[in-house]
1. Viscosity 0.692 mPa s, temperature 37 °C: Stokes-Einstein D of the chain from its Kirkwood Cα radius, in µm² per second?
2. Using alpha carbons only, how many degrees (0 to 90, rounded to 10) separate the axis of helix 95-123 from the longest principal axis of the chain?
3. Note down the relative contact order for the chain as a percent, whole number, built from C-alpha pairs under 8 angstrom at least six residues apart.
4. What whole number of Å gives the distance from the Cα centroid of region 17-54 to the Cα centroid of region 92-152?
5. What does DSSP give for the chain in terms of the percent of beta bridges that are antiparallel, rounded to the nearest 5?
6. Less than 14 Å from a label point 7 Å out along the Cα-to-Cβ axis of LEU109: which backbone N atoms in region 76-94 qualify, by residue?
7. Roughly how big is region 95-174's charge dipole about its Cα centre, with Cβ charges of +1 (Lys, Arg) and -1 (Asp, Glu), in debye to the nearest 20?
8. In deg cm²/dmol and to the nearest 500, what is the mean residue ellipticity at 222 nm of the chain if only DSSP H runs of at least 4 residues count, each as -39500 (n - 2.57), divided by the residue total?
Amino acid sequence: MDYLLTEKGKLDLEAILKDRSLYAFDFDGTLAKIVQEHHAARLSRPIRFWLEKLAKRAPTAIISGRSVEDLRSRVGTAVPHLIGNHGSEGPHTRQEDIQQVRETSSGWLELITGRFQDELIRSGVTVENKSYSLSFHYRTVEQRDEARALISRIIAELSPPPRIVLGKSVVNVMSPTASHKGTALLEYMRRLDCSTALYVGDDETDEDVFALRDHRILTVRVGKKKGSAARYFLKRQTEITEMLRLLVEVGDQSIHTWSGCHEHGATRPVQHPNE
Ligand SMILES: [Mg+2]
């Protein structure tokens, strides 16, 4: 893993600017700072500013564990392509497949509320129903070991056995048949006719993209981590602003950039720098 904001990293960013690329990002911990209260996460003003500029120039997507509706309430129209539930919710998934994923998730929720409601309340663990997957949150819980033990006990009862992805103070359970962030990104590259992509994430679910080890995808992790399959890292979440600014400014300086991007990527006319 190398630090992105170096000459070498910048050259790799410039290289993807020359192709028709998809710029895709995780939300929590990547575009938005991790906050104590899950519902309080939002885009900072500078990140929204540069993200909107990028999205006006090229195909841009957010692939998050949140539901699409939740993302929409936080991002608005800044980014045109929103993919939820760790890659399983969006227009790229087949209706029959998504219906099955929904049924699996609601079956799990029924079992959980029927058998573990009281224990969950006592422990402080909350279960978020994201329609296509469930998330057990314990960020605000003091007895963290007990919380994790309870979550493990509950997960052991779920049928079919879910795919489990650990996050920061959250355990996500997904249908074993649901598509993940890696498959979602590849599908969006195909749909948007992009030959290369940038993907930035900070968490275990993002390793589904990093682990593709696809030479067409420039992968960046927020926070250096041993064992991550990402090519580059950023030292902290706030450096996302610098990366977005670089993409927009370097892209605008080159005559090769953004070519052919507007038919899919842009939803509004390009505005000029005096805004
Ligand atoms: Mg994240």
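What follows is calculated from the coordinates using simple rules that are stated; it is not laboratory data. The structure presented is a predicted model; accordingly, all values stated were derived computationally and were not measured. Every residue, glycine among them, receives a Cβ derived from its backbone with ideal geometry; neighbour counts consider all protein chains shown.
1. Working: Rh = 19.3 Å.
Rounded to a whole number, D works out at 170 µm²/s.
2. 50
3. Details: 482 pairs, mean separation 78.9, N = 275.
It rounds to 29 percent for the chain.
4. 26
5. Numbers: 16 of 38 bridges.
Antiparallel bridges make up about 40 percent of those DSSP assigns within the chain.
6. Taking a point 7 Å out along Cα→Cβ of LEU109, the residues of region 76-94 whose backbone N falls under 14 Å are 85.
7. Values: 10 positive and 11 negative charges, 56 e Å.
The dipole of region 95-174 has a size of about 280 debye.
8. Working: 8 runs with 105 residues, N = 275.
Here the helix-only value at 222 nm equals -12000 deg cm²/dmol.
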